[in-house]
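Below you'll find the structure, written out as structure tokens, and then a few comments.
The values are calculated or read from the model by the stated rules, or taken from the named source; none is laboratory data. Quick caveat: nothing in here was measured; it's all calculated off a predicted structure. Glycine also receives a Cβ, built like all others from the backbone with ideal geometry; neighbour counts cover every protein chain displayed. We work out accessible area using only protein heavy atoms, side chains counted, and drop any ligands, DNA or RNA first. Shrake-Rupley method; radii C 1.70, N 1.55, O 1.52, S 1.80 Å.
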Amino acid sequence: MFISKCTYVLQRLFFFIGLSLAEQRTASQYGIDEITLSAGTVEPLPELHHSLIGSNNSIFEINSLDYSANYTTDDLWSSEFSAPLTEYSNLNSSIVGERFADYFNSLNFEGKAALAALNALKHSYGSSHVRRFTPYELFGQSQWIEEATEINHVGWSIMFDNLGRYFTLELRGLRELTFSFFILFALLPIATGALTVYIFKRRYYAVTFNEKGRSKESIRQLQENSVVDFDDSSKSSATLALPDNDEPLVVRDPPHERLSILFATLEYNIPDWNIKIKIGGLGVMAQLMSNNLKRYDLIWVVPCVGDIVYPVAETAPSIIVKTVNQQYEVKVYYHYLENIKYVILDCPILRKQTSRDPYPLRMDDFSSAIFYSIWNQSIAAVMMRENPDIYHINDYHCALAPLYNLPKIVPCAVSLHNAEFQGLWPLQSENDLRDVCGLFNIPKSVCKSYVQFGNAFNLMHAAASYVRKHQSGFGVVGVSDKYGHRSWVRYPVFWSLKKVGHLPNPDPTDVDPVISSEPKQLPSFAEYNEKRKAEKRKAQEWAGLTVDDTADLLVFVGRWSVQKGIDLIADLAPTLLDKFNTQIIVVGPVIDLHGKFAAEKFAYIMERYPGRVFSRPEFVHLPSFIFDGADFALIPSRDEPFGLVAVEFGRRGAICIGARVGGLGEMPGWWYAVESSTTPHLLKQFETACCRALNSPTTLRHNLRMAAIQQRFPVTEWVALYDKLIKKCIKTHKKAVKSVPVNEKSNSNSTPLPSIEVNDTNGTMVANKQSPEVEEVPDASEPTNSAGERNRVVHGELSPEKLDEIMETDNDSVASSVGSRPLSELTYISQSSMNLGSKLDVRFIDANGVAISEFSSALSDLTAENSKTKLCIDNFLVKVLQKWYNEEHHYYRTGFRPRFYKYLKTKGKKPREVDDGSSVLSERSFREGFGPVRGVAGHQLSTCQRVMYVKVVGWPLYAIFLALGQILSISSFHLSLLSGFERNHIASLYVVNGIFILSTFFWWGLYRNFASIHCLSLPFTVYGLAFSMTGISSMPFIPFTTRGWLSYGATWIYAIAASSGPLYFTLNFEDEHTKGLGSWVTRACILHGLQQLWTALLWLWGTLSSHLDWNYSILIKPMNNILVAAAVFPIAFVLMLTTIMLYKGLPPFYRQTPGSIPAFSKALFHRRVVICFLLMVINQNFWMSSLISHGWRFFWNSELTVLWKVIVMMICFLVFLWVGLLALLGKLSNTHTWLIPVLGLGFGGIKWLHVFWGTSNIGFFLPWAGISGAYLGRALWLWLGVLDSIQGIGCGLILLQTLSRRHVTNTLLIAQVIGASVTLLASAISPTKTGPGNVFPDITAYTTVDGVKPIANAAFWICLCVNVILCGVYLKCFHKENINRP
């Protein structure tokens, strides 16, 4: 009723005149001699989507005409059409226009005379006789104007009677239906998109209230794994005393009864020596293994540290390792304790670390490479000597050791305690590869097969590759149920594995062997409450807080780093202190810049809120009453492998408030979901969880505490799971070894690695002669490039003192080189998960102290609100980082003019001083002492490179040129743009698609095997050649036929260049990795909008120049105009000049050869998001690629619209509306990184709607809109196109947020090949190969008597349902494989 009223109102508002057109056919063609016309009204249609039906029941379709036929008898048939509105005067005739002639030509009839048609009422209006015309006479066009259809109808049905030789007209179509479809198509995508966003946010932004702790299923598994008692103390080995040092010597059982496990850690404890080196979870788990794996013989390799004096131990033969082509001695000592054999390594390099800092400070410089080289080679020597049954790798530190013993294979189990750190060294050139392989003493072939991951020497990848090759990918586990899977999702080094399992850590204090089925006796509320109050008072007194039993005590214990979320606590603290009666204790060592700024902020908060806040940013051994007296434990970690602190606090009665990431969320408390790693989102979620917890009633808190103290994470469960892991690793290893072909085994033995140890006459372990593949590092006296200079050594015996000297002198140069290197091509294009949600560059350390001074001064204005916005630690650091980055960009990359550097600490400059504690450097210091400094870019980069680094509106020039390459390219879906505007040129479609496929393979090979400067610069030459040929074809002195072939040649050449589009999409903005996702959204919208305009203009040009000559032999008539040449030749020259500029000026990042990635294809197709993306490409190209020209001809071809008005309307949608959406979505994406992908996929089958509106006649004629109907129909088509573009950007952002740079590139190239191939297949077998057909039915002829007939076909529903279903599946894959989500 509402629609009917709206339709009536609109009909009364608009005045319209209907048009009708009778189609004419020759009698010989359609089986009739003549047609007798009744004196009914007919309506000339200058444009229709139209098919012709012959007497043999065959259907012929053409781009802009679509008749549907109904047969009533053998001699009576009908054809329906709808009528757009226009107004003509002084016309009273109608003949078939050129579009009809075009169509008849496509039928490929024999002889042009057969194309004759009937000119209805040309000479005798109302007569029953019509005469025949030749095709040449029909090439012109005129219209016969009559009256419109009645108010409730859209068009006519022409009833042809073959026997009576006449036709009649019947009214068809419902105007209400067209109005309903218009409203539905305009609003439905927005409604479904908004609903999807709402559901997604409600589902994944929830703050979970965990009332009971572990789930029932988890408890059931816990009981199953805890009933087995693994206490093998009765079977433990006997011991004998050693006469030398009175140390016990283990007498082991026979090997077949006890397995031996070798593991090596930098954190360890030796109880009888009272040595304990433990700073994190790995140290806890190492101690747990030594205390509870009594049924195994444990071989524990540990290093000596510099600040501990070790007792006398059994001396073993030394190990001679090799690094930088020199031998280096490592002393070995044995110590025995029960079933553990400690293998203690001692050398000056290892002793450079301390008990507080057992790990090297960096993991990408020269000194750390030396450390890990010696460490891993020593482990390999011990492994060869002890011959264990299995080697347990904990994180990346010892992952390289098994490779030194190849081809001998040892079963391995890999535990991921913190997969965030992987041990990376740059491999940007062959010199880097040679130098790093020399440092680690491994051949290049082994490095490329196991260790190298793109342009990085990756220790973690060595472990993953070893397991993949020799254990069928089994053996890598995370330390919690979710962390294993999330590690596989987030880190590309694991994508070649089918999955990463889980081995949940236990609570080391939960040593009870059996889970009791009876409930634990719990204390009463009053008793427990009094006990907690006493403990809380002790904690308050210890921290110097006001003793207040009513205050809620919030405690954070852990490392002060961005990973642990200490900055979030500091940002939220003023809000919690103002709104609630709370006290806060924060304790732990400062690890990074976020921790440093948090310490500064907490120092101010302590002064502002005396007696309510205690902050100690250092490592502290906490008394037990801190855990027993805490009301709430704050755990806002951005990433947490297991979360032992939650178990420790929870089992002591504290309620947890934190993020549900990794292993967190198993204890009772309030846990917020982390769907986006942006700081505003995390703060909002954290605040919501805290407010709910602090507003909770006392009885609920007591129930949570009672549930928490009953939670079990028993060691017996972990031992049972560990036993299963070890046995399955050994079993899988044996099975994999048996499956290796004999010839492959022989090949693996042909190039053995250098052996680490062999016994000499003195019993000393020395290195064998190295393999020929291990190249010598050049002598320092020889001239080398910068890469070689970084790792220079002096030949001769390498004494500890000499190695120390080399490390000290070379470390700075390596650090600076590594620090200033560009992003690896495997760095995530979106906000990198390696930064844990922070956009802070790891190279920025505030060396001058200016940033911390500015922040400290700004804290005087601290409020609860600006603490979460302006003075939010992460936001402040990001702003400072941008300024620092601009200074670094000028200093290292442009440096044309001297300037003053405020945040950047440059070499050879004195540290900047701050006047009177001010956070801003004074003008006096600038003038007198420090002055402007000219950058050093001139000494490192060529002039052309420096020019290309110059920024224009925030974009480097090289990025603008690469963006141009993306704009000029087209996708496989739009190949009909190049293949022509009509289906009768099917040969052109096959040629263009074939060229497109072959050239895609060419660009991929160029990208894969050579530096990126080649595949990014060469396409512009090809573009220039295509434009040049277009200019030549427009010359008037060129023969007409030659001009036609030149036009086709230009099209084919353009297709070659256009296939390089994915390379420009993925390889652009190499130095903008610190930008947030919002900036990527902005750039994507800008480029996509420009690409839309370029495509629209190309279609306009092609439409205006699309004509047939007198013999119907040329599709696109070349423009015979010298002005065209004058326009395209300068463009061609600029494009070819761009090739030179890019080749000479692209930054160093594009000049490195892409590194190898073992099992890349396997890893790529392990990602479900890739499979889903390819399925979407296949679906769209199969159903819709052949119809892309229909939509654009619908938009541009109309005699009812004025061209300049259509152009203005296009600019309004594709420029102004697009810019508005760009600004809005870009801003929101800075907080909600998932917004555009979820919104776009929430539109559902938006591309189906877009194609449907442009091809099914419904957009041609909107009778309720009057003369403006033609514009409204095209406006809706543009609106649907904008929404379709948003979905396209969302799909692209999904790839950017789920894959690495290399993986995105290959995915898009594969999609191009598949899409073009499917387009060729669709042209042969698709239901839409010749037109919309039944897939996009014409509903303008629909009446109620038709029922569901127009949509009662399988093709219609398959196309629609598959489009919608794939959107849902793609959204699910995105959520599961999103790298930005912890």
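Just a few scattered comments:
- Unique residue being farther than 21 Å from Gly1292 by Cβ and either in a helix (DSSP H, G or I) or open to solvent by less than 20 Å² (accessible area, probe 1.4 Å) (or both) when the list is Val1206, Val1215: Val1206
- Residue check for Met363: within 30 Å of Phe619 (Cα to Cα) and surrounded by fewer than 23 Cβ atoms within 10 Å (Cβ to Cβ): yes
- Residue in the range 1351-1359 that is over 30 Å from the mean Cα position of the chain (by Cα), assigned to a helix (DSSP H, G or I) and among the aromatic types (Phe, Trp, Tyr) present: yes
- Number of positions in the range 651-664 that are open to solvent by 10 Å² or more (accessible area, probe 1.4 Å) and either under 26 Å from Pro523 (Cβ atoms) or charged (D, E, K, R) (or both): 3
- Residue satisfying all of: in the range 604-650; in a loop (DSSP other than H, G, I, E, B) and either in contact with a His (Cβ under 7 Å, 6 or more places away or on another chain) or among the β-branched types (Val, Ile, Thr) (or both); most open to solvent (accessible area, probe 1.4 Å) among these: Val620
- Test: residue in the range 473-496 that is within 22 Å of Gln377 (Cα to Cα), hydrophobic (A, V, I, L, M, F, W, C) and in contact with a Ser or Thr (Cβ under 7 Å, 6 or more places away or on another chain): no
Yes or no, residue by residue, for (1) closer than 30 Å to Leu282 by Cβ; (2) within 36 Å of the chain's Cα centre (by Cα); (3) among the polar types (S, T, N, Q):
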| residue | (1), (2), (3) |
| --- | --- |
| Arg559 | yes, yes, no |
| Gln563 | yes, yes, yes |
| Asp571 | yes, yes, no |
| Lys601 | yes, yes, no |
| Phe619 | yes, no, no |
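- Residue list for the range 1265-1285, filter: open to solvent by 10 Å² or more (accessible area, probe 1.4 Å) and farther than 29 Å from Lys1329 by Cβ: Ile1267, Ser1268, Tyr1271, Leu1272, Ala1275
- Taken as a whole, the structure places Ala858 among residues that are surrounded by fewer than 20 Cβ atoms within 10 Å (Cβ to Cβ), at pLDDT 85 or above, hydrophobic (A, V, I, L, M, F, W, C) and closer than 30 Å to Leu572 by Cα.
- Scope the range 1139-1176; condition farther than 20 Å from Pro492 by Cα and under 19 Å from the mean Cα position of the chain (by Cα); matching residues: Leu1175, Met1176
- Candidates in the range 1114-1138 are the residues that are open to solvent by less than 50 Å² (accessible area, probe 1.4 Å) and at pLDDT below 50; of these, the one that is farthest from the chain's Cα centre (by Cα) is Ile1114.
- One residue from Thr1305, Thr1330 being part of a loop (DSSP other than H, G, I, E, B), over 13 Å from Met1176 (Cα atoms) and polar (S, T, N, Q): Thr1330
- Restricting the range 464-506 to residues that are more than 25 Å from Asn1380 (Cβ to Cβ) and part of a helix (DSSP H, G or I), the residue that is most open to solvent (accessible area, probe 1.4 Å): Lys469
- One residue alone among Phe1160, Phe1165 is under 30 Å from His461 (Cβ atoms), of a type in the set (Phe, Trp, Tyr) and open to solvent by 50 Å² or more (accessible area, probe 1.4 Å), and that residue is Phe1165.
- Answer from Glu329, Glu338 - the residue that is closer than 30 Å to Thr732 by Cβ, in contact with a strand residue (DSSP E or B) (Cβ under 9 Å, 6 or more places away or on another chain), surrounded by fewer than 23 Cβ atoms within 10 Å (Cβ to Cβ) and charged (D, E, K, R): Glu338
- Given (1) open to solvent by less than 80 Å² (accessible area, probe 1.4 Å); (2) at pLDDT 90 or above; (3) not β-branched (Val, Ile, Thr), index of the condition Lys538 fails: (1)
- Top-ranked residue in the range 667-703 [being assigned to a helix (DSSP H, G or I) and small (Gly, Ala, Ser); ranked as farthest from Val1238 (Cα to Cα)]: Ala693
- Boolean, Ala380 is of a type in the set (A, V, I, L, M), crowded, with 24+ Cβ neighbours inside 10 Å and either free of Cβ contacts under 8 Å to residues at least 12 places away in the same chain or part of a loop (DSSP other than H, G, I, E, B) (or both): no
- Residue within the range 440-455 that is in a strand (DSSP E or B), touching a Cys at 6+ places or on another chain (Cβ under 9 Å), crowded, with 23+ Cβ neighbours inside 10 Å and modelled with pLDDT under 95 present: no
- Where a residue in the range 1121-1135 is assigned to a helix (DSSP H, G or I) and its partner, wherever it lies, is open to solvent by 10 Å² or more (accessible area, probe 1.4 Å) and among the hydroxyl-bearing types (Ser, Thr, Tyr), with Cβ under 8 Å and at least six apart: Val1124/Thr1030; Val1128/Ser1028; Val1128/Thr1030; Phe1129/Ser1028; Ala1132/Ser1028; Leu1135/Thr1021
- The residue that is farthest from the chain's Cα centre (by Cα), among those in the range 1236-1260 that are open to solvent by less than 20 Å² (accessible area, probe 1.4 Å) and closer than 30 Å to Lys868 by Cβ, is Gly1242.
- Qualifying positions in the range 982-1034 - surrounded by fewer than 17 Cβ atoms within 10 Å (Cβ to Cβ), modelled with pLDDT under 85 and not in a helix (DSSP H, G or I): none
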